[in-house]
1. Kindly write out, for the range 25-31 in residue order, the coupling ³J(HN,Hα) from the Karplus curve 6.51 cos²θ - 1.76 cosθ + 1.60 (θ = phi - 60°), rounded to whole Hz, with x marking Gly and Pro.
2. Taking θ as phi - 60°, what are the ³J(HN,Hα) couplings along the range 219-224 by the Karplus curve (6.51, -1.76, 1.60), each to the nearest whole Hz, with x for Gly and Pro?
3. Find out how many positive minus negative residues lie around F41, taking Lys and Arg as positive, Asp and Glu as negative, among other residues whose Cβ is under 11 Å from that of F41.
4. Quick one: C292, C153, fewest Cβ neighbours within 10 Å first, how do they rank?
5. Kirkwood Rh over Cα pairs of the range 190-327 into Stokes-Einstein at 4 °C, 1.567 mPa s: D in µm²/s?
6. Which order, highest average first, do 184-191, 301-308 follow once you tally other Cβ atoms within 10 Å for each residue and take the mean per peptide?
7. Average the reciprocal distances over every distinct pair of alpha-carbons in the range 199-251, invert the result, and give the Kirkwood radius in Å.
8. If you add up the charges near I225, with Lys and Arg at +1 and Asp and Glu at -1, over every other residue whose beta carbon is less than 15 angstrom from its beta carbon, what do you get?
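A short reminder: the numbers here are calculations on the coordinates, not readings from a lab. From a predicted model like this one, the values you see are computed outputs, not experimental measurements. Glycine gets a Cβ as well: all are built from the backbone with ideal geometry, and neighbour counts include every protein chain shown.
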Amino acid sequence: MVEARPGEQHTYNNHGYNLLAHIIEQASGQSYADFLQENIFTPLNMRDSGYEDSSSGVAAGYTYRYAKDAVEYVQLDISNGEGQLYSTTGDLLLWDQALYTDQLLPQAELEAMFERYVSRTDDYPLFGYGYGWMVTSLLGQPVLGGSGWSSGCATFYLRYPADGLTFIVLMNQGDINHMSVLLAITSALFLSDLIYLVTAIAFLLLLTALLAAQKNQRVKTTRAIGVLWLLLAVPFTIVFIRYLAEGRGVWTLLPLSLVLLYMLVKALLDFVFRIDPRFNRTARLATLTLMCLALFSMVWIAFGIHPSWGTPVLIAFGILAVSLIFLYRNEIRVTQ
């Protein structure tokens with residue numbers, strides 16, 4: 001019985017993949033295992049991958065399904081299209097890279113597979129569903145993935161084609177939360193950059209408000225915003241320490257140190273020595289020079305991470321620049 005019209009609802013069902021395996025056998029005249037070996041594993045040099053009852057052997061370092069509790073498996077009369085494959089992260093990466101070429105399928109057919117036909121899935125609400133793929137988008141670019149687990153094993157696969165980035169998590173114990181493992185990996189790789197991105201945007205927007213409050217001589221507002229702005233030195237310092245530990249180069253560490261130096265100098269001038277740069281030419285020139293170096297450094301670091309990360313920082317920088325032009329438009333006219 002049909003539960004819903006195609007495209008209206010997503011309900012995952014393993015039997016659908018078992019049926020697909022049977023269709024492959026009928027259309028190719030081969031067993032499912034031989035078809036996979038001849039058309040995928042051998043052409044892609046996936047030596048440590050196979051179907052459990054095929055003649056391809058067992059992957060190096062492969063351990064059979066393990067579960068803390070006894071699990072009963074039922075052998076189906078047709079090939080098991082929803083399971084019984086084994087592989088390694090290295091082999092799956094070979095398969096992943098082949099998806100950027102026509103080695104397995106023409107790109108037009110792959111694009112049809114990656115199309116989002118179902119708007120959302122029950123297990124992963126942020127993802128829709130294509131032809132066997134979970135599909136969503138990040139920063140306007142497609143994100144593709146797949147997952148599977150049982151009492152004895154778990155798999156999570158996620159790819160971001162725009163950057164050629166792929167995450168593959170394989171475990172032989174299914175009662176571990178594989179999503180938490182994926183999040184731990186992504187946090188180790190991207191947490192520093194994410195903290196930097198959020199802090200940089202907050203830095204630029206708060207600095208915009210701080211300079212406006214100072215220009216309009218709103219003392220209480222200046223103090224409140226100034227304290228918030230100075231607190232951003234904490235996450236910047238954390239990022240600096242993490243970047244140092246990660247072995248980031250001098251072209252990242254030096255610009256970030258300029259940002260921290262500017263925050264220190266401005267804090268000393270505004271809140272400790274209370275020097276008004278408007279009445280001190282040396283302080284004004286030094287502060288302006290250091291501010292420009294710090295602002296360009298922030299944009300530099302963001303684009304060094306990735307252009308998609310640099311764009312929001314550049315937008316915040318633009319807001320600051322337009323605000324400064326508007327605030328000091330009279331002085332600019334006098335100078336002209």
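1. Couplings: 5, 5, 6, 8, x, 10, 6 Hz.
2. Each residue of the range 219-224 in turn: 5, 5, 5, 4, 5, 4 Hz.
3. -3
4. Listing C292, C153 from fewest to most nearby Cβ atoms yields C292, C153.
5. This corresponds to a translational diffusion coefficient of 84 µm²/s.
6. Result, highest mean Cβ count within 10 Å first: 301-308, 184-191.
7. 12.3 Å
8. With Lys, Arg at +1 and Asp, Glu at -1, the neighbours total +4.
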